[in-house]
Structure formats: C-alpha cells, structure tokens
Amino acid sequence: MGFFTGVRALHGQKYSKLKKECFNREEKFCDPKFPPHDSSLYYSKQPPGVISWKRPHEIVDNPKLFIDGASSSDVTQGQLGNCWFVAACASLAGVKELWHKVIPDYKDQEYNDDFHPGMFHFRFWRFGDWIDVVVDDLLPTIDGQLIFVHSKTQGEFWCALLEKAYAKLHGSYEALEGGNLSDALVDLTSGVSAHLDLSIGGYEDDFEKRKQLFKMMTNEMSDQALMCCAISTHNHQEQEMRTNVGLVKGHAYGITALKKINIGDTGLFSIFKPSPHFRGKQKVRMVRLKNPWGEKEWNGAFSDGPGGNGCVYSTSQLTKMYSRSPEWSKVSVAEREKLGLTFEDDGEFWMTFEDFVTHFTDLSICFLLNTNVLSLSKRWHESVFHDAWTIGIKGHNSDRAGGCKNHKDTFLRNPQYVFDVKEDTDDVIFQLMQRDAREKRKEGFQNLVIGYHVMKVEENRRYRVHRFHEEVATSDYIRTRSIFLREQLHKGRYVVIPTTFKPNEQGEFMFRIFTSRDPSARELTEEQPKVPWYSCTKQPSIVTTITVICAMQLEKQSAFSGEADAYCIIKCEGETVTSPVSSGTLSPKWGTTAIFYRAKPDQPIVVEVWNRNMIMDGFIGRANVLAPLNPNPTQVTLPLRGRRKEKDLQKPGSLIVQVYSDDDLLSV
C-alpha cells in the first residue's frame, strides 16, 4: 500500500486547471461548491454573530501559509466543537512526511509578493481513496478575527485553511461538531486507528502493564504513528467540564512526545505513589500533550506552573517560579533543554505516564502500515475489499444483510472473506469501515452499528460457510465509522464475516486485512461446487470434513534423538491437504481439518504421516479412513500401515481422526 494509490478530485474540481484559469483572468478564486455563505457554516443553527468572510491579506498585512513550518503548538481550536479534528491536526503537524502529503506542493501554494489566486488544495483519505479538496481562502471572521481554527502564530493560515477543506468535504463546518479521534487520524494518514480504554486496562495499578504500554506507544510514535487521548463523559452536563487537575472532560488532546527523563539522585520519586518498582530508578516516563484550545493546561506534577515567557529557565529561576510544580527544579538544565521545555500557557504540557493513565480514559493510536513514504520497522501486506450489505431474494447472492451472530438464522448470509495465515503465528490487523454518515447528518442519517467475526475453517475451504465454526476473534459492535482489531493467529485458513448489528440493514463498507505475507484473501461467493453440464466429472453427492487430531507412539526416526518432525497429508479424490510440522515428538498434535465434496463416497480418504528431513522426507505410515454418510461427528483411532504395496504391513503408531459426512452439501 503506497501512501498515495490514486487521487480523486472532490466535485471534479482540479486544482491545476482552476489555478490556471485564475491566473489567466487575474481573478482570485471564489469556490461555487462551498460559497462564503452561512449555509457553509451551519445547517441547524445561526452563526454566533455577524460573519464577514475575509481573505488572509484582509486580516493581516503579510499572510503566510506557514511560518517556520508547522508544529503541534500552531493549532488552536475556535468556536466549533471539533477538538477531535484539531487534536489530530496537532499530532499531524509534528510529522513533516505526513503533513507534506496532506498539504501537497506546499511551497508552490505559499503566499508571495506576486499575484496569488486565493486558492489552496488539501488531501484527505476517505474510504480507500485520497480526495483532493480545493478551497478558496475566504475565511469566516467576526470583528476581523477568525472564529474557528487558527494558528498561535500571527499571520499563519495553514490550519484554518485545512479546517475549511475538511468542512467542505463534510458539507459544512457544523458537520465537524463532535467526532471520533480515530476517524480524523485515519483521514489524515490512510492508516488504521485503534482505540484503547485506559479505564479498564488495569494500567493505573499495574506497573508492568504501564511499562509495556509506554514501550508500545514509544515504538509506534517512532514509526510516525499519530496519537490522541480524551477523558470520557457520562452525561452531557460533564462535556467540557474542567477537572480539579486542569484537564477538560470530553475534550481531545494530541499526544506530541513520549520521553524518559533522567532525574539523578534527587529523591524525586517521593512525590509519587509509593512503588517498589521506583527504588533505585533514575528515569521517569513522561508524555507531552497538546490542548487544542491553546490554554487550560494540566496543573499537577510537572505542570507549567504560573507565568512564563517561553524561555528555558535556570534552576534558580525555576525554584522561584514553581511553588505549584516544584518537580521541574529537580530536573537538570540539560534534560530540560533536551525536552525543548518552555513554560507558556499555550496548551502544551508534560505529565508523568503514571498520571496520564490515571486521568485519561481513552487513547487513539493511528498505525501507519506499509507505506512507501516512511521507513517502518515492519512491512505489511494489505488486502482490501469494497462491498455492501444488501437486501435481496433469500438464497440469492444479493441477500447479504444478515446481522450479527445473535441472529443465527441469518448471520451466515453476510459477505464472507477467506484468508490464510502463512507464518506459524502472525499479527493480523482488521479494519472495517463504513461510509461516513457525517456528510448526511443534516438529513438525519447516522452510522450503522457494525462489527465482525473471525472463524477458523478447513485448510482447503473454497466455498461459503454454512454453519458456525471455531470463533477465534470478534470485534466490538459500535455505532462508529470504523472498527479496529489486532489478533495473533496461528497458521491456517480463516473466514472473516463483517456484519451490521441488526439484519436487513443496508450500507456500503470497506474491509482491510493486514498480514506479514500475502494471505491470498478473496471473497467467498459460491455456495458449493458446480459441475458444468459438458464435464465428464461426476457431481459430488456427499460433503465430508475430516480432522486429523493427532498421532500416537510413532516409530523412532533417528538414532541420535529418536524424535520425529512429523506432518500429515490428507488425500481425497485427487485433492491433498498438508498439515503443519509438529517438531520433536513421536506423538504429534495437528488438529488439521479438510473438507471434501466427494463424488465417490465408497472410496476411503487416505492420511499419510511423514517425517521432515533436510534432504528427503521419510515415510512413517498411512491409514485409510472410511467416511460413509454420518452427519454426527465421529472420532476413530486407526492403526498405521505401510505404503500402498505394503498395505497389510503394520507400522508402529496410530492416528486419531474425527469424521463428518452429509449428503446436504450446504450443511457445512
């Protein structure tokens, strides 16, 4: 997956063409698709005052798109409840490789002394495509001041224009009111975003869990992951309520840095909760956060304290200033300089990681997987499916809206996707995304409640699943735009089923699967084998599943160790399925299952056992498995015998298998 796999112009507005037309006419661009009108601001309420749409050169004398680049401290929220987007922008600003892509050819777009067309373009990732959004630079003001997102730096306009482009993408500024941190992070990166509930993770009381979480976050941030956090609210009255430590509930904060700081032998740990893990330690884990409001900071340990002018202070100055937060006076000047520490009421502040997991409840991490732009520690293979839940004739492939597994009669009617895990164990990432209903919010639309299930299936499954199999993973069901799940799966074949919560709910979706190797992922569309009328092949009359559970007391395979690296091969009517190798044992366990649609049910299924060797694998034994019609799974123990020419030769060891056969080909 490259960072840009194709760019589509919103409303067909091509930036280069429109820019050329403006230069030819020497007229500044005024966007007819998002006009400077109240309808572009709100759809359900009135503006907070008399709005005047002004271009940057009408607000300041020498406007710039960027002043000294972009930084997380630039972005300040205005009179719009879109802190979720603003916090994501603050995180984005800290990664040049990313915002250079969201704000393309930014140097050419910059204001200069020559004629400027008064237009800009930005890019957002939506539902598998990068969307290029063109906007004019007319911005809503009251009394000459920007009313929405603005930069802390006077005369800098990149964040205000970026917000306008995002509002245009959604139809209005009001459409950005209240949102999901993860959605904004994905829109700005094309990554996959995970949500962690810190309140139920046990991080506050478990040192090792905190340590592992900090390590994971640090590693992901070094791989350019974007992170935001928030404190959840229980009711509307708590929204934007300030806590006694200065944090704001229901408000999104950007995470801009994670560091360990040296404190030396200062006795600093005495200010924290007593913990045996702190004894003799010389480092404190710290996290830096950004409040999109640009003010109202944390006032606990390591807070900025009263006053300040943005300078790095000496130890003597700190001691005088920090009656509320004396902890910084315990940190060396060199450490503070390394952190780039400033003391301003600018919304950016440091806190210990212990305090972070204590006070925040929600963490969103946007993982950037396998892009061609960034150097990541691991490359991922991405499989993408664009599909829909649809209502159709029962039994027809248009009937694909069965609801979650609570609805047992309809669940398996949903779209199904099969994939293989080809490593012994592999981290697999799933993301289910539906089309965002935010653009149609004014029409009363809302997102569906969605989720998905992952089942372990037969190693050679090629047709749709018709009964429940072993469930290995299931997501939460949430009314949200996208659902993330990361699971460690063993080698084998799996089927994932994305669903709505209720049956007969229609909607488009995109499903992404990330694995270490190509998983040969594909949609399952056929219900059962179909033999063409012109074929000489006999129509299957029975379906059989066979699970080779294990072998017992195999023949010793070497004089040195005596153990075997055994695997089995299941053979039926020209088709073969091979199990993984079970190493270093004479009683291997496989649990390998195969499915066969059999035209010759009287013929046995053959299971051969082999020993893996460096030069040539060695034959251990074989067994013939009779599998007549029997819809009740039956477990049998079979002796091992010699090769076909020595079928009467008894070999050491036995096989344990389970067999199921049914003349209803849709029974499995």
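Here are some notes:
- Summed over segment 197-220, residues that are surrounded by fewer than 20 Cβ atoms within 10 Å (Cβ to Cβ) and not acidic (D, E) total 12.
- Among (1) in a loop (DSSP other than H, G, I, E, B); (2) in contact with a helix residue (DSSP H, G or I) (Cβ under 8 Å, 6 or more places away or on another chain); (3) not assigned by TED's automatic domain parsing to the domain that holds A93, the one test that Y253 misses: (1)
- Condition met for S383 (modelled with pLDDT under 75 and either over 24 Å from L198 (Cβ atoms) or assigned to a helix (DSSP H, G or I) (or both)): no
Here's the yes/no breakdown for (1) in a loop (DSSP other than H, G, I, E, B); (2) touching a helix residue (DSSP H, G or I) at 6+ places or on another chain (Cβ under 9 Å); (3) surrounded by fewer than 20 Cβ atoms within 10 Å (Cβ to Cβ):
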residue: H453; (1), (2), (3): no, yes, no
residue: H466; (1), (2), (3): yes, yes, yes
residue: E471; (1), (2), (3): no, no, yes
residue: D476; (1), (2), (3): yes, no, yes
residue: I483; (1), (2), (3): no, no, no
residue: H490; (1), (2), (3): no, no, yes
residue: V496; (1), (2), (3): no, no, no
residue: E505; (1), (2), (3): yes, no, yes
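- The C-beta contact set for segment 124-135 (first residue farther than 18 Å from K17 by Cβ, second residue of a type in the set (D, E), distance under 6 angstrom, 6+ apart or interchain) comprises F124/D187; W125/D187.
- Among the residues here, E163 does not qualify as among the acidic types (D, E) and surrounded by fewer than 20 Cβ atoms within 10 Å (Cβ to Cβ).
- Single match in V577, V609, V543 (criterion: of a type in the set (A, V, I, L, M, F, W, C), closer than 29 Å to Y463 by Cα, touching a Gly at 6+ places or on another chain (Cβ under 7 Å) and at pLDDT 95 or above): V609
- Subset of segment 117-146 [outside any strand (DSSP E or B) and crowded, with 21+ Cβ neighbours inside 10 Å]: D137, L138
- The set of residues in segment 510-538 that are surrounded by 12 or more Cβ atoms within 10 Å (Cβ to Cβ) and over 38 Å from the mean Cα position of the chain (by Cα) contains only V531.
- Considering segment 431-449, the residues that are of a type in the set (A, V, I, L, M, F, W, C) and either under 22 Å from L176 (Cβ atoms) or surrounded by fewer than 16 Cβ atoms within 10 Å (Cβ to Cβ) (or both) include one that is farthest from the chain's Cα centre (by Cα), namely F445.
- Single residue of segment 403-430 satisfying the filter (charged (D, E, K, R) and in a strand (DSSP E or B)) that is farthest from the chain's Cα centre (by Cα): D424
- From T634, T593, residue being surrounded by fewer than 20 Cβ atoms within 10 Å (Cβ to Cβ) and closer than 23 Å to S541 by Cα: T634
- Selection status of L41, surrounded by 13 or more Cβ atoms within 10 Å (Cβ to Cβ), within 27 Å of G250 (Cβ to Cβ) and modelled with pLDDT of 90 or more: yes
The values are calculated or read from the model by the stated rules, or taken from the named source; none is laboratory data. Just so it is clear, the structure is predicted and the values come from calculations on it, not from any experiment. With ideal geometry, Cβ positions are generated from the backbone for all residues, glycine too; neighbour counts draw on all protein chains shown.
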